[in-house]
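As structure tokens, the structure follows; a few thoughts come after it.
Just so it is clear, none of the values below were taken in a lab; they were calculated from the coordinates. Note that the structure is predicted; figures quoted are calculated from it, not measured. Here Cβ is always computed from backbone atoms with ideal geometry, including for glycine, and neighbour counts include all displayed protein chains.
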């Protein structure tokens, strides 16, 4: 039981050193607010409802953009992974787009969609699409050929092979892609919420920067990290249930 909490000793020690450095003047408050100040600011933002308002806006953007990205990435991966003509039509284009830094598309997205919610959601969707596509496509093509042949010997047709052999075999890779995709979604949101936003955690951080409020900036960064950690935890929970059939799956 005690060993489970040892992993938190490092972060706690870092916070303690941070507080000591701030209290002794080694760390300037202009450069970085003390942990005690950050904690007080966090409580103030929570009780006033300001943080919850900005958090709800950010969550909505990630939910919409992430859903679009998962749908598009999954659909394209199925088209490309399950047929050679589909691969010919889709994969080369996706590989070229993947090599291009999607955050560099911000100026074009502003020109195409303006400065409203659409470019922000589009940026998040792009960030999710490519990890989902790449991992699911690789998972489909990486299914053991012996399993496919065994399915054919058991009388499974193409639909049965896809449903009972290929998709379950590709599921572990797809879940890895989901973890990467959700992580990239929050990275995309940081940039997206700097596009003339008037709400969201990114807006809160940028507004705090203008007033040199390092305490608010740290609170915003903490929220981003906790959201990313929470999303990863949800996917891990899905893995425990969805991959319980795997003999090598470690329950922990």
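Could you tell me the calculated FRET efficiency between residue 9 and residue 37, based on Cβ-Cβ distance and R0 = 25 angstrom, to the nearest 0.05? It would help to have the intermediate numbers written out before the result.
Numbers: r = 23 Å, r/R0 = 0.94.
The value I calculate is 0.60.
Among 210, 232, 215, 91, a tally of other beta-carbon atoms within 10 Å of each Cβ gives an order, fewest to most, of 210, 232, 91, 215.
When the scattering of the chain is computed by the Debye formula from its Cα atoms alone, each counted once and equally, what is log10 I(q)/I(0) at q = 0.12, 0.13, 0.14 Å⁻¹? Debye output, listed in q order: -0.86, -0.95, -1.04. Using a Gaussian network model of the chain in which every pair of alpha carbons under 10 angstrom is joined by a spring, one finds that among 167, 204, 237 the greatest mean-square fluctuation is at 237.
Between residue 242 and residue 89, what FRET efficiency comes out of the Förster formula 1/(1 + (r/R0)^6) with R0 = 25 Å and r the beta carbon distance, rounded to 0.05?
Values: r = 30 Å, r/R0 = 1.18.
After rounding to 0.05, the efficiency reads 0.25.
By counting other Cβ atoms within 10 Å of each Cβ, how are 211, 102, 113, 137 ranked from fewest to most? Before the final figure, lay out the partial values.
Working: 211 8, 102 19, 113 15, 137 27.
Ranking 211, 102, 113, 137 by Cβ neighbours within 10 Å, fewest first, gives 211, 113, 102, 137.
In this simple spin-label approximation, residue 150 and residue 225 carry label points 7 Å from Cα along the Cα→Cβ vector, and these lie 4.5 nm apart.
Exposure proxy shown here: for 241, 53, the number of other Cβ atoms within 10 Å sets the order, fewest to most, as 241, 53.
Mean sequence separation of contacting Cα pairs (under 8 Å, at least six apart), scaled by the length of the chain, corresponds to a relative contact order of 23 percent. Helix-only arithmetic for the chain: the sum of -39500 (n - 2.57) across DSSP H runs with n ≥ 4, divided by the residue total, places the mean residue ellipticity at 222 nm at -25500 deg cm²/dmol. With the simple model of a label 7 Å out from the Cα in the direction of the Cβ, residue 63 to residue 28 spans 4.3 nm.
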